[in-house]
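See below for the structure under consideration.
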Amino acid sequence: TDPPENATDAVDIKKYLNWEWLDTLETHLAQHPHLLVGEIGLCKMAKFVREFPSEKGGKTTALQLQKRVFRKQLELAAKWSRPVSVHCVNMHGSFMEVLRDVLRDVLSDAKRSAEASGGMKGGDDAAYRCALRRAFPPAIAMHSFTGTAHHAKEILEFEKELLHPESVDDGGRKRRKPKLQTKGMEPQSDERNAEVDEVIFYFGFSHVINHLMCTSEKARRKGMEAVRSIPSNRLLIESDVHAQEDVALGTAGALAFVAQVREQPIEKLSDDCVKNGLKFLDSVGLQLFDQQKQ
């Protein structure tokens, strides 16, 4: 649902709808080839959402505007092939809606192209696969991920659709929807990880957000289920602190927290997260992972 028409009349909203800031962001990306985009995202707790004038549509309008901005940022990152860091709090449904809207648009373009050219089938065409992949950033890190194991599973299922478009019909829907199970989930094995030839989504966890700020037993339980559900080749550790002098301690705390939850040796988890972090950065062309191996 689009925001009410009168919402666009507010001076403080125009800066989001005229996209001048987007031109500035694109200029920076053009000038600096190793810049990442982020953090960007969706957040029900954002000050912009909480304080949006009720006479201009209130929270409902603010959240719709937030989705518009997020998609523009996501598309810009894809255009310049830059990885992104995504902040998503209590907005998983909207996050997936944005991803699926982009997917549907690519599928619609492929269908029109097929009709015009007399019969290419987008899901089997190399050019279509390339267009589909380029419609999204090369890597997406879910910053201090606060979703559930179910949410993580849904994101990874979407990634499979992206990498294997033959599983998607021309309406943007999965042909077969697997059952999603979250209870008793364990870290996936290396054999399962080996099935993935490309990693798009990474999941970061911090001690501050994913443990200290979980005030209820239910929240902590669901958070730990999420930590355990992430394949080892997608894990990232974050300090998520503001002061530079707190980064080392925050990172160590996050590492200890995740290692305890996953019942893994800290050394092994640290090695995995370093490799994953370097691979995420390599998606912008830094080649840090290859340098580390040497």
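In terms of accessible area, using a 1.4 Å probe and ignoring ligands and nucleic acids, Leu249, Leu132 rank largest first as Leu249, Leu132. Residues Ser108, Ser229, sorted by accessible area with the largest first, give Ser108, Ser229 [1.4 Å probe; ligands and nucleic acids excluded].
Sum up the charges of everything whose Cβ sits under 12 Å from the Cβ of Ser206, counting Lys and Arg as +1 and Asp and Glu as -1, but leave Ser206 out. It would help to have the intermediate numbers written out before the result.
Values: positive: none; negative: Glu238, Asp240, Asp246.
Around Ser206, the charge tally is -3.
Taking amide H as placed 1.01 Å from N in the peptide plane, Gly41 has its amide H under 5 Å from the amide H of His87, each at least 5 places away in sequence or on another chain.
So which of Lys56/Lys111; Lys72/Lys153; Lys153/Lys279; Lys67/Lys160; Lys160/Lys222; Lys44/Lys153 end up more than 27 Å apart, counting from Cα to Cα?
On the way: Lys56/Lys111 38 Å; Lys72/Lys153 25 Å; Lys153/Lys279 21 Å; Lys67/Lys160 23 Å; Lys160/Lys222 24 Å; Lys44/Lys153 22 Å.
Result: Lys56/Lys111 exceed 27 Å.
With a cut-off of 15 Å on the backbone N, the residues of segment 205-236 near the modelled label site 7 Å out from Asp271 along Cα-Cβ are 232-233.
Between Tyr202 and Ile140, Ala141, Met142, the built amide H atoms are under 5 Å apart, and every one of these is 5 or more places off in sequence or on another chain. Here is the list for segment 35-108: GluC sites (Glu not before Pro) lying in DSSP coil, each with at most 12 other C-beta atoms within 10 angstrom of its C-beta, are Glu51.
Our coupling estimate for segment 240-250, obtained by passing each phi through the Karplus curve with A = 6.51, B = -1.76, C = 1.60 and θ = phi - 60°, is 6, 10, 8, 8, 4, 5, 9, 4, 4, 5, x Hz, Gly and Pro reported as x.
Between Thr215 and Ala243, how high is the FRET efficiency from 1/(1 + (r/R0)^6) when r is the Cβ-Cβ distance and R₀ = 35 Å? Nearest 0.05. Efficiency, rounded to the nearest 0.05: 0.90.
Note on segment 49-96: with neighbouring protein chains present and a 1.4 Å probe, carbon and sulfur make up 47 percent of its accessible heavy-atom surface.
Between Lys79 and Glu198, what FRET efficiency comes out of the Förster formula 1/(1 + (r/R0)^6) with R0 = 22 Å and r the beta carbon distance, rounded to 0.05?
0.70
With each label modelled as a point 7 angstrom along the Cα→C-beta vector, the Glu55-Asn18 pair spans 2.2 nm. With both labels modelled 7 Å from their Cα along Cα-to-Cβ, the Asp109 to Arg134 distance reads 0.8 nm.
The values are calculated or read from the model by the stated rules, or taken from the named source; none is laboratory data. These figures come from a predicted structure and were not determined experimentally. So basically every Cβ, Gly included, is an ideal-geometry build from the backbone, and we count neighbours across all protein chains shown. Please note that ligands, DNA and RNA were not included when accessible areas were found on the heavy atoms of the full protein model with its side chains. Shrake-Rupley method; radii C 1.70, N 1.55, O 1.52, S 1.80 Å.
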